[in-house]
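Novice: One structure follows; several queries about it will come next.
The values are calculated or read from the model by the stated rules, or taken from the named source; none is laboratory data. Since the structure is predicted, the reported quantities are computational estimates derived from the model, not experimental observations. Ideal geometry is used to build each Cβ from the backbone, glycine not excepted, and the neighbour counts take in all protein chains shown. Please note that ligands, DNA and RNA were not included when accessible areas were found on the heavy atoms of the full protein model with its side chains. Shrake-Rupley method; radii C 1.70, N 1.55, O 1.52, S 1.80 Å.
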Amino acid sequence: MARNEKRRADTVIVLDFETTGLSPDGGDRAIEIGAVRIEKGRVTDRFQSLMNPGKRVAAFIEDYTGITNKMLKTAPPCKDVMAEFSDFIEDFDMVAHNASFDSRFLISELHRIKRTYSGKFACSMLVARRLYQDAPNHKLGTLVAFHQLPNDGTFHRALADAEMTAQLWLKMLIDLEDIYQLQPIPFSLMQKIMKIPKTNINKFLKNLAKEKSS
């Protein structure tokens, strides 16, 4: 696929990590990765694997994710999974719900195997905070229920969360197209929406629609 086609907001890889804790700088590691590839608005591939971090995980993490130390004991090591995932993502732009978290773990785990990521990240949570200000909150599960998006009831497992984030991302693109007549939507616009104050977002999008129609 040509590089300019990969800069479309509907052509991305949606990523989710489950981890031993909150900070790779503090020594926390990934224990599961899930990703969904979307090309021109359609899901075209998926990636999922448990990852053995080389140390035991806390009971809290086992309870929270359902991923046990017994499961991780037979999982492939992080370095093998990340080498395979690095090939999978190529230079697609990426989306995650709370992208600052997932991007830190991606960069950290790739750094450990001397690889880098050249694409860009967008945060579906930050975009949703601006587009769906009437939602009770902007946790992934709440937004899935709020919009009645397809899900199997599984949360805090990497591929299930990536699937739901992908559904939310596509919903946001459809709403931007339907309400503001914006199409096609560049990835850079979604990154810009993330940073605009919530009180200004409607005005910004209406002005952008006027510019495109003139």
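Novice: Residues being open to solvent by less than 30 Å² (accessible area, probe 1.4 Å), small (Gly, Ala, Ser) and farther than 27 Å from ILE174 by Cβ: count how many of those fall in the range 28-72.
Specialist: Total meeting the criteria: 2.
Novice: May I ask you to say which residue of MET71, MET94 is more than 16 Å from ARG157 (Cβ to Cβ) and out of contact with any Pro (no Cβ under 9 Å at 6 or more places or on another chain)?
Specialist: Answer to the check: MET94.
Novice: Please indicate, with yes or no, whether at least one residue in the range 12-26 is polar (S, T, N, Q), crowded, with 19+ Cβ neighbours inside 10 Å and within 20 Å of GLY141 (Cβ to Cβ). Give the steps one after another, and end with the answer.
Specialist: Within the range 12-26, the first condition is being polar (S, T, N, Q), and the residues that meet it are 19-20, 23.
With the extra rule that they be crowded, with 19+ Cβ neighbours inside 10 Å, the set shrinks to 19-20.
Checking the rest, the ones that are also within 20 Å of GLY141 (Cβ to Cβ) come to 19.
Yes.
Novice: Let me ask another. Of all the residues that make up the range 176-190, how many are open to solvent by 30 Å² or more (accessible area, probe 1.4 Å), in contact with a helix residue (DSSP H, G or I) (Cβ under 9 Å, 6 or more places away or on another chain) and in a helix (DSSP H, G or I)?
Specialist: Result for the range 176-190: 3.
Novice: How about the range 100-139: which of its residues are under 22 Å from GLY41 (Cα atoms), open to solvent by less than 10 Å² (accessible area, probe 1.4 Å), outside any strand (DSSP E or B) and among the aliphatic types (A, V, I, L, M)?
Specialist: VAL127, ALA128
Novice: Residues of the range 23-60 being acidic (Asp, Glu) and part of a loop (DSSP other than H, G, I, E, B), which ones?
Specialist: ASP28
Novice: So ASP63 fits all but one of (1) farther than 30 Å from SER188 by Cα; (2) part of a strand (DSSP E or B); what number is the exception?
Specialist: With (1) farther than 30 Å from SER188 by Cα; (2) part of a strand (DSSP E or B) applied to ASP63, the lone miss is (2).
Novice: Let me ask something else about it. Restricting the search to the range 191-214, which residues are surrounded by 14 or more Cβ atoms within 10 Å (Cβ to Cβ), among the β-branched types (Val, Ile, Thr) and in a helix (DSSP H, G or I)?
Specialist: ILE193, ILE201
Novice: May I pose another question? Do you know which residues across the range 73-91 are under 17 Å from LYS55 (Cα atoms), without any contact (Cβ under 8 Å) to a residue 24 or more places away in the chain and either among the acidic types (Asp, Glu) or open to solvent by less than 10 Å² (accessible area, probe 1.4 Å) (or both)?
Specialist: Residue satisfying the conditions is ASP80 alone.
Novice: Still on this structure: Search the range 148-175 for residues being without any contact (Cβ under 8 Å) to a residue 24 or more places away in the chain and in a helix (DSSP H, G or I), and hand back the single one that is farthest from CYS123 (Cα to Cα).
Specialist: Looking at the filtered set, the residue picked out is ILE174.
Novice: On to the next question. Could you please tell me which pairs satisfy a Cβ distance under 6 Å, a separation of 6+ or placement on different chains, a first residue in the range 92-104 that is in contact (Cβ under 8 Å) with a residue 60 or more places away in the chain, and a second residue that is of a type in the set (Asp, Glu) and surrounded by fewer than 18 Cβ atoms within 10 Å (Cβ to Cβ)?
Specialist: Hits for this filter: zero, empty list.
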